[in-house]
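Chemist: This structure is in structure tokens; I'll ask about it shortly.
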Amino acid sequence: MLTRLHLRYDAEHFPEDLVFQITADRENWQTRYVLRHTYSGTDECPQMTEYRRSVWDRRKREARNYCDLTGAGLEETRGKMGVGPNWSVPSERATWWERIWNK
């Protein structure tokens, strides 16, 4: 019986995707997915620059992990993500006054 599964993996440590098998057990089950959405508001604070850099670093790690697992190219993946060379999206590169006036 599987009660809880926490899993993070990459191609080195877990070379195959997780596979579930159908069993005779018909008990109810549930699953949870965690999706991380970046803050996209226009508020500015002293920590915003640090936060954005952490988001850009996370995007880079996620893209490299995706490429390692799927064999996709990094530049192609970056293009699909719609990010610039520093892993930011256009709204994150704009200053607060540019975001206000260009809406």
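Chemist: Output the residues belonging to the range 67-88 that are open to solvent by 50 Å² or more (accessible area, probe 1.4 Å), part of a loop (DSSP other than H, G, I, E, B) and not polar (S, T, N, Q). First the steps, then the outcome.
Modeler: Here is the first cut: in the range 67-88, the ones open to solvent by 50 Å² or more (accessible area, probe 1.4 Å) are 68-71, 74-76, 79-81, 85-86.
Applying the additional criterion that residues be part of a loop (DSSP other than H, G, I, E, B) yields 71, 85-86.
The answer is Gly71, Pro85.
Chemist: In addition: Please work out which one of (1) of a type in the set (D, E, K, R); (2) surrounded by 11 or more Cβ atoms within 10 Å (Cβ to Cβ); (3) at pLDDT below 90 is the condition Arg64 fails and give its number.
Modeler: (3) is the only condition that Arg64 fails.
Chemist: Which residue, of Arg59, Arg36, is modelled with pLDDT of 75 or more and open to solvent by 90 Å² or more (accessible area, probe 1.4 Å)?
Modeler: Values: Arg59 fails: open to solvent by 90 Å² or more (accessible area, probe 1.4 Å).
Just a single option satisfies the conditions, and that option is Arg36.
The values are calculated or read from the model by the stated rules, or taken from the named source; none is laboratory data. What you see is a predicted model; the values in this text were computed from it and never measured. Using ideal geometry, Cβ is built from the backbone for each residue, glycine included, and neighbour counts are taken over all protein chains shown. Surface accessibility is based on the protein's heavy atoms, side chains included, excluding ligands, DNA and RNA. Shrake-Rupley method; radii C 1.70, N 1.55, O 1.52, S 1.80 Å.
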